[in-house]
Amino acid sequence: MNTIAICFVCLGNICRSPSAEAVMLHQVGKAKLADRIVVDSAGTGDWHIGHPPDERAQRAAKARGYDLSMLRGRQVRIEDFARFDLLIAMDDANAAALAKVCPAEYRDKIRLLMEFATRDDSRVVVDPYFGGDEGFERVLDQCEDACEGLLKALRTQLVA
Ligand code: 4NP
């Protein structure tokens, strides 16, 4: 039985990637695949290391049944490229920042989350940090859509 490890990556690891982590964990649990799919998140920046997710992200997530309160910000580490099967970036800047430090052999592990979406055709998960509450709802809508597609893609890689 193989397992797959994925890490969602944004800039601060306090808004988008912790939201994606919680949404994916919820969907993985519902699919009874919690022992097969490892989920984590990290930021490319270092400003929010050790911080809990943004209050606005926590509030929006809680209203949909996702608890972000236990998560803490961390920065991507070089070991993450070996440890995870996929590093899934929220936007092009995050993907570029990852590619810049990624060992060449692991470059194809870097993907964009919205590649897996089926309802929303946006290329990126838009950064909600400097906007209003509606931005955090959009992040959750995008994560719910794309994580469904991601889970479907991962299922095909899980060997019985
Ligand atoms: P995130 O959002 O990358 O989705 O966690 C941000 C968090 C913090 C900052 C920018 C975006 N910041 O500038 O501190």
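Let me spell it out: the conditions are (1) out of contact with any Pro (no Cβ under 7 Å at 6 or more places or on another chain); (2) over 18 Å from ASP92 (Cα atoms), and PRO53 meets all of them except one. Which number is the exception?
(1)
For region 25-65, how many residues are of a type in the set (D, E, K, R) and in a helix (DSSP H, G or I)? So that I can check it myself, show each step before the final result.
Going through region 25-65, the residues of a type in the set (D, E, K, R) turn out to be 30, 32, 35-36, 40, 46, 54-56, 59, 62, 64.
Next, from what is left, pick out any that are in a helix (DSSP H, G or I): 30, 55-56, 59, 62.
Total satisfying the criteria: 5.
Being surrounded by fewer than 19 Cβ atoms within 10 Å (Cβ to Cβ) and closer than 14 Å to CYS143 by Cβ is the filter here; which residues of region 28-53 pass it?
none
Restricting the first residue to region 1-20 and requiring it to be over 13 Å from ILE49 (Cα atoms) and among the β-branched types (Val, Ile, Thr), which pairs with a second residue that is in a helix (DSSP H, G or I) and near the ligand (Cβ under 7 Å from one of its atoms) meet a Cβ separation below 6 Å and a spacing of at least six or different chains?
VAL9/SER17
Determine whether ALA22 is within 16 Å of the ligand (Cβ to nearest atom), assigned to a helix (DSSP H, G or I), modelled with pLDDT of 95 or more and closer than 30 Å to VAL159 by Cα.
yes
How many residues are among the small types (Gly, Ala, Ser), within 16 Å of the ligand (Cβ to nearest atom) and out of contact with any Ser or Thr (no Cβ under 9 Å at 6 or more places or on another chain) when one looks only at region 74-95?
The total comes to 1.
Quick one: how many residues across region 69-88 are buried (at least 21 other Cβ atoms within 10 Å of the Cβ) and assigned to a loop (DSSP other than H, G, I, E, B)?
Residues of region 69-88 that are buried (at least 21 other Cβ atoms within 10 Å of the Cβ), as a first pass: 71, 73, 76, 80, 84, 87-88.
Right, trim to assigned to a loop (DSSP other than H, G, I, E, B) and you get 71, 73, 76, 84.
Of the residues in that region, 4 qualify.
If you check every pair at least six apart or on different chains, which have Cβ atoms under 7 Å apart with a residue in region 116-140 that is more than 10 Å from the ligand (Cβ to nearest atom) and modelled with pLDDT of 95 or more first and a residue that is among the polar types (S, T, N, Q) and outside any loop (DSSP other than H, G, I, E, B) second?
As it stands, the answer is ALA117/GLN142; ASP120/GLN142; SER122/GLN142; LEU140/SER19, since those pairs meet every condition given.
Quick check: anything in region 104-115 of a type outside the set (Gly, Ala, Ser) and in a loop (DSSP other than H, G, I, E, B)?
No: zero hits.
When you go through ARG111, ARG56 one by one, which is the residue that is crowded, with 16+ Cβ neighbours inside 10 Å, closer than 18 Å to GLU137 by Cβ and either within 16 Å of the ligand (Cβ to nearest atom) or at pLDDT 95 or above (or both)?
ARG56
The values are calculated or read from the model by the stated rules, or taken from the named source; none is laboratory data. Just so it is clear, the model here is predicted, and its values are computed rather than measured. Don't worry about glycine lacking a Cβ; one is built from the backbone with ideal geometry, like all the others, and counts go over all protein chains shown.
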